[in-house]
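Structure record follows, encoded as structure tokens.
The values are calculated or read from the model by the stated rules, or taken from the named source; none is laboratory data. Since this is a predicted model, take the numbers as computed values, not measurements. Here the Cβ is made from the backbone with ideal geometry for all residues, glycine too, and neighbour counts use every protein chain on show. Surface areas here come from the heavy atoms of the whole protein model, side chains and all, with no ligands, DNA or RNA. Shrake-Rupley method; radii C 1.70, N 1.55, O 1.52, S 1.80 Å.
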Amino acid sequence: MSARRFGMAVDLVACVGCSACAIACKTEHDVPLGHTRRWVTQRVTGRFPDLVAEVWSDCCQHCDEPPCVDSCPTGASHVHDATGTTQVDRNKCTGCKACVASCPYDARYVHPTGYVDKCTLCRERLERGEPTACEEVCPTAAILVGDLDDSSSELTRAVAARRSRRQKVEAGTDPRFFLFT
């Protein structure tokens, strides 16, 4: 597989907050009880009676400028060459939590065995040309994953054509996670 730059989008209109994605992720990656790589975020803005509620599936943003990689003293946190996704090599991780502290998205946790864990964007599935577990199980097709450097990918076309936003862009991480509004 040649180098790619995978990203993800969640459609705020289509996502119903069912948590099927979070459950699929827990199952796929054997995530221990009390921890998660993926979660559902709910946000209400405005002032009564003019309120707007949003719900979306959330995870690691697989940033172009990941502070977790820069802060890792052992190189355990790194950008995967073939997929461009942010990964953790559990064999190199000492559990120091520097990456946890540097992540503005609170997307990492310490696994009970001592290493830091997070969403891998189902790297192994992507390498096989398969959809991520969360994308595959989403009952409303609200999750879209693709190569942002491939102009013909459905994700790239959707990001160009639809109104979208990214979270915490002020952190300077250049997140590859988009919310379609």
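Note: relative contact order over the stretch 106-167, using C-alpha pairs below 8 Å and six or more positions apart, is 14 percent.
In summary, the convex hull built on the alpha carbon positions of the stretch 20-122 has an orientation-averaged projected area of 7.9 nm². Across the chain, Cα pairs under 8 Å and at least six residues apart give a relative contact order of 31 percent. Surface composition of the chain: carbon and sulfur atoms hold 51% of the protein heavy-atom accessible area at a 1.4 Å probe. If contacts are Cα pairs under 8 angstrom and at least 6 residues apart, what is the relative contact order of the stretch 1-106 in percent? That works out to 26 percent. In a reduced charge model with +1 at each Lys and Arg Cβ and -1 at each Asp and Glu Cβ, the stretch 17-122 shows a dipole moment near 320 debye about its Cα centre. Just to be sure I understand: of the beta bridges DSSP finds with both ends in the chain, what percent are antiparallel, rounded to 5? Within the chain, antiparallel bridges account for around 85 percent of the total.
Calculated [222 nm] ellipticity per residue, helices only, for the chain: -5000 deg cm²/dmol; basis is -39500 (n - 2.57) per DSSP H run with n ≥ 4, divided by all residues, nearest 500.
Surface exposure of the stretch 98-158, expressed per residue as accessible area with a 1.4 Å probe, stands at 44 Å². Using the Cβ-Cβ distance between Leu33 and Cys96 with R0 set to 22 Å, the FRET efficiency works out to roughly 0.40. The GNM of the chain, with springs linking C-alpha atoms under 10 angstrom apart, assigns the highest mean-square fluctuation among Thr113, Thr86, Thr140 to Thr113.
Of the residues Leu148, Leu33, Leu121, the one that moves most in a GNM of the chain with alpha-carbon contacts below 10 Å is Leu33. For Cys15, the shell of other residues with beta-carbons less than 13 Å away shows a net charge of -2, using +1 for Lys and Arg and -1 for Asp and Glu.
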